[in-house]
Every structure is written in structure tokens, then in C-alpha cells.
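As C-alpha cells, the structure follows; a few thoughts come after it.
The values are calculated or read from the model by the stated rules, or taken from the named source; none is laboratory data. Remember, it's a predicted structure, so these values are computed and weren't measured experimentally. Neighbour counts are summed over all protein chains in view; Cβ atoms, including those assigned to glycine, are modelled from backbone coordinates with ideal geometry.
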Amino acid sequence: MQVIADNLQLLIEWLMGVPVGLKLNRPLSTVLGKFFLYHLYLWKTYIDIIKPIVSTIIFISSTVGLIGLSFQMALLSDLITMASLHCYCFYVYATRLYGITLHGLGSTLRMFGGRKWNPLRSRYDSGDFSWDQLCVGMFIFSSLLLLLPTLLVYYVVFLALRLCVLFLQGTLRRLIWIINSLPSYSLLLWILGSPSLAGKSNFSKYLCLVNKLNIFHLQATSYSK
């Protein structure tokens, strides 16, 4: 978990600069970077506190998990969830900021079109706006539009991290399902040619005198017998 936090810190510091040559809004990028770095500092402090407890839990779970591979993979999925908790929080923060910005842009655009949201009837109604209100709306729209690329970069980066975590967890869940559904023990016995599984089948034919029907009897025997 410490390695993930250190790499995430390097990523945030890279975003605060000039990522892939993109010229972002420097004040906003600095504020967002310091905000995420502060939360990352809190996460590192939390890791230092719970590290002995987590190590004990992992040791006990790993010892118990020797009885099955699916248990080990489920434990790994839980550890990934716990180790990426701060990544999920950063994704939520970036998503909320990006969503608020898009909502503000949409509201100002509707204001320029002479429409406003009516919360009582839950619909858009026509509205009359004064020149001062339109000037304020233009100022808000221009500010949000200039800040949108910086927020979009942070949103895309943390969204990519979140998708990577979800893909990894989904892969582990699929593997666990395959392991639990596949008859691994019987398949292994069949590959090794175990006498407890391999055998021969005998068919016996009987004639029913009452209904004049042929009755077949199947008897399976193993080589161990």
C-alpha cells in the first residue's frame, strides 16, 4: 500500500506541472494538487497506524487460505479494494468537481436561451433576465469554460485508475467463479488416469415378458475393483 501511495504522489506532482505538454490552469492545478496531496498524506498516516494489524490479518488469512486457491484470490481482491481506497476517494472528488462544472455550464447556457429550471413543477420554463444577470452569467460561463480542461484532465486520470482497479477485480471474480464451477478434482483424476475415476461399463439386456419390452441395465465398475 505504501508503494501505491508513493506512485500516486508522483502522479499528482506530475499533473501539477505540464502533463504531456498540456498547459493547464496553474492556480487551479496547484490547488487541486495540494488538496489531493494532503489527503494522500492522511492516507499514509493511516497506513502507518494500521500496518501491524493488517500484517497480522494477512498472515492469518494466508495460513487459512492454503486450503483453497479461490480463497487466496478472494483475499487478494479484498486487499486490492483496501489498497485502492484512496484512489476511489480521489475519483469521487474529481467526478463531483467535473459534474458541478458541467452543470454550471449547462445552467448558464440555458439562461442565455431564456430558460430556467422550475423546481416546483420539475421542468424548464421561460424566464426574463436583466442585462446585469446576463453579464454575471457570461462571467461565470467564461470562468467555468476556462477551468474545464484542467478538471477534465484530473477526471480522466482518476477515472483511468478506477477502471484499472475495477478491471483487475472483475478478472479476479471471474477466475474465482471459474475455479468454483470447474470440477478440478475430477478433471485432475481423469488426466492422471486414476482408478477411482476410470473404469468400464457393462450393459445387460433383459426382456420383460409382461409388456414385451427390452430393458437395459447399466453397471459401471472401476479398475480398482
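Within region 158-186, residues that are without any contact (Cβ under 8 Å) to a residue 24 or more places away in the chain have Cβ atoms under 9 Å from residues that are of a type in the set (A, V, I, L, M) in these pairs: Ser184/Leu69; Ser186/Leu197, counting only partners at least 6 apart in sequence or on another chain.
A single entry from Leu40, Leu32 fulfils the requirement of being modelled with pLDDT of 85 or more and closer than 23 Å to Leu76 by Cα: Leu40. Of the listed requirements (1) surrounded by 14 or more Cβ atoms within 10 Å (Cβ to Cβ); (2) under 24 Å from Phe167 (Cβ atoms), Arg96 misses just one: (1). I'd like to check something: does region 97-104 contain any residue that is farther than 27 Å from Val153 by Cα, within 24 Å of the chain's Cα centre (by Cα) and part of a helix (DSSP H, G or I)? The answer is no; no qualifying residue exists. Annotation: of all residues in region 128-150 being among the hydroxyl-bearing types (Ser, Thr, Tyr) and assigned to a helix (DSSP H, G or I), the one that is surrounded by the fewest Cβ atoms within 10 Å (Cβ to Cβ) is Ser142.
Of the candidates Ser77, Ser55, the single residue that is in the same structural domain as Ser126 (by TED's automatic domain parsing) and either surrounded by 15 or more Cβ atoms within 10 Å (Cβ to Cβ) or modelled with pLDDT of 80 or more (or both) is Ser77. Out of curiosity, is Trp43 in the same structural domain as Tyr93 (by TED's automatic domain parsing) and either under 17 Å from Thr81 (Cα atoms) or touching an Asp or Glu at 6+ places or on another chain (Cβ under 9 Å) (or both)? For Trp43, the condition - in the same structural domain as Tyr93 (by TED's automatic domain parsing) and either under 17 Å from Thr81 (Cα atoms) or touching an Asp or Glu at 6+ places or on another chain (Cβ under 9 Å) (or both) - is met. For region 115-127, the set of residues classified as small (Gly, Ala, Ser) and either assigned to a helix (DSSP H, G or I) or exposed (fewer than 12 other Cβ atoms within 10 Å of the Cβ) (or both) consists of Ser122, Ser126, listed by residue number.
Annotation: Ile49 fulfils all but one of (1) surrounded by fewer than 12 Cβ atoms within 10 Å (Cβ to Cβ); (2) hydrophobic (A, V, I, L, M, F, W, C); (3) not in a helix (DSSP H, G or I); the unmet one is (3).
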